[in-house]
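Chemist: Got a structure for you, written out below as structure tokens; questions coming shortly.
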Amino acid sequence: MIESGEPIVIPDTAANPAWVLMEGQDWLRSYVGAPIKIAGVTVGFLNVNGSRTSQFNNDDARRLLAFANHAAIAFQNARLFQELRSHAEQLEEHVQERAAQI
């Protein structure tokens, strides 16, 4: 997903040679994941696990990617809001300093 920027569906994790089974996750039988990308950079993933094989399909992957894209926008908006708040605080400090000088 990092390289392609595309979601991935693994219908049967037990049959997928690339799947790494972790202790306590033997119940996990299918998977769908989508990257969260900001400005072309993958910053995280949304992962959904299933207890049945073939629980997810390409439609699920597209919907999860749409949700991941919305999450990326929310992250960007939060970052921009924090930058705006910081700038407003700096401006307020400058105004107070200038008022004290006058």
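Chemist: For the chain, which whole-number percentage of the solvent-accessible area (1.4 Å probe, protein heavy atoms only) is attributable to carbon and sulfur atoms? Intermediate values should be presented prior to the final figure.
Modeler: Details: 4140 of 7530 Å².
Carbon and sulfur: 55 percent of the exposed surface of the chain.
Chemist: Angle between the Cα long axis of helix 58-101 and the longest principal axis of the chain, 0 to 90 degrees, nearest 10?
Modeler: Roughly 20 degrees between the two axes.
Chemist: Using the crude model of +1 on Lys and Arg Cβ and -1 on Asp and Glu Cβ, and no other charge, please compute the dipole size for segment 1-88 relative to its Cα centre, in debye to 20. Please list the in-between numbers first.
Modeler: Numbers: 7 positive and 8 negative charges, 66 e Å.
Value, rounded to 20: 320 debye.
Chemist: Between Trp27 and Arg85, what length in nm is gained on full extension when 0.36 nm per residue of separation is reduced by their alpha carbon distance?
Modeler: Details: separation 58, 0.36 × 58 = 20.88 nm, distance 4.52 nm.
Between Trp27 and Arg85, full extension yields 16.4 nm more.
Chemist: Still on this structure, I have one more. Evaluate the relative contact order of segment 25-81 (contact order divided by residue number), counting alpha-carbon pairs under 8 angstrom at least 6 apart; express in whole percent.
Modeler: Once divided by the residue count of segment 25-81, the mean separation gives 37 percent.
Chemist: If you don't mind, another one. Given the Cα-Cα distance of Ala99 and Ala14 and 0.36 nm per residue of separation, how much length would full extension add, in nm?
Modeler: Values: separation 85, 0.36 × 85 = 30.60 nm, distance 6.89 nm.
That pair, Ala99 and Ala14, stretches by 23.7 nm at full extension.
Chemist: Output the direction-averaged projected area (hull surface divided by four) of the convex hull of the alpha-carbon atoms of the chain, in nm². Working shown, then result.
Modeler: On the way: hull surface 37.1 nm².
It is 9.3 nm².
Chemist: Related question: Please tell me the relative contact order of the chain in percent, rounded to the nearest whole number, where contacts are Cα pairs under 8 Å and at least six residues apart. Please list the in-between numbers first.
Modeler: Numbers: 132 pairs, mean separation 25.7, N = 102.
Averaging sequence separation for qualifying contacts and normalising by length gives 25 percent for the chain.
The values are calculated or read from the model by the stated rules, or taken from the named source; none is laboratory data. Bear in mind the structure is a predicted one, so any value in this text is a computation, not a measurement. Cβ: placed from backbone, ideal geometry, glycine included. Neighbour counts: every protein chain shown. With ligands, DNA and RNA removed, areas are computed over all heavy atoms of the protein, side chains included. Shrake-Rupley method; radii C 1.70, N 1.55, O 1.52, S 1.80 Å.
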